[in-house]
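The values are calculated or read from the model by the stated rules, or taken from the named source; none is laboratory data. Please read these numbers as outputs of a predicted model, since none were measured by experiment. Counting neighbours? That spans all protein chains shown, and the Cβs are built from the backbone with ideal geometry, glycine included.
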Amino acid sequence: MANSNKNTDKMPEKQLEYLFLTEVRRVGGMALKFVSPGFAGVPDRLVLIPDGKVGFVEVKALGKHPRPLQMARHKQLRKLGFKVYVLDNPQKIPEIIKGIGGKDT
């Protein structure tokens, strides 16, 4: 993964999200910003990987956790059979992409 030598203990959420987007694109996928007016708490990104692989990713700054409503939405999505991940560290990026169905990064 690119930029793996960066100091990650103070990485802002936006920078972590950018690294994730870069890696998803590198494997040929898309990480679309996911907003759902009238249905709060959905994950930040809808991730589409080649061969029809789909997952959801909530991006959080290091040490931050999803809010209770976000956790409830994650549970709902998982109950429907979708993969949902919380990204709070750049070292998790390859694991998340592989978990959704992407090739090794």
Members of region 47-71 found to be part of a loop (DSSP other than H, G, I, E, B), within 18 Å of LEU16 (Cα to Cα) and not basic (Lys, Arg), listed by number = ALA61, LEU62, GLY63, HIS65, PRO66
Show the residue pairs that are 6+ apart or on different chains and have beta-carbon atoms under 7 Å apart, the first residue being within region 15-39 and closer than 22 Å to ARG73 by Cβ, the second being among the polar types (S, T, N, Q) and not in a helix (DSSP H, G or I).
-> none
Among (1) among the small types (Gly, Ala, Ser); (2) crowded, with 16+ Cβ neighbours inside 10 Å; (3) modelled with pLDDT of 95 or more; (4) in contact with a Gly (Cβ under 8 Å, 6 or more places away or on another chain), which single condition is GLY41 missing?
-> (4)
Residues satisfying the stated conditions in region 25-38, i.e. surrounded by fewer than 17 Cβ atoms within 10 Å (Cβ to Cβ) and in a loop (DSSP other than H, G, I, E, B) = GLY28, PHE34, VAL35, SER36, PRO37, GLY38
Here the residues within region 23-38 that are at pLDDT 95 or above, under 12 Å from the mean Cα position of the chain (by Cα) and not acidic (Asp, Glu) are VAL24, MET30, ALA31, LEU32, LYS33
Out of the residues in region 44-81 that are under 16 Å from ILE93 (Cα atoms) and acidic (Asp, Glu), state the one that is surrounded by the fewest Cβ atoms within 10 Å (Cβ to Cβ).
-> ASP44
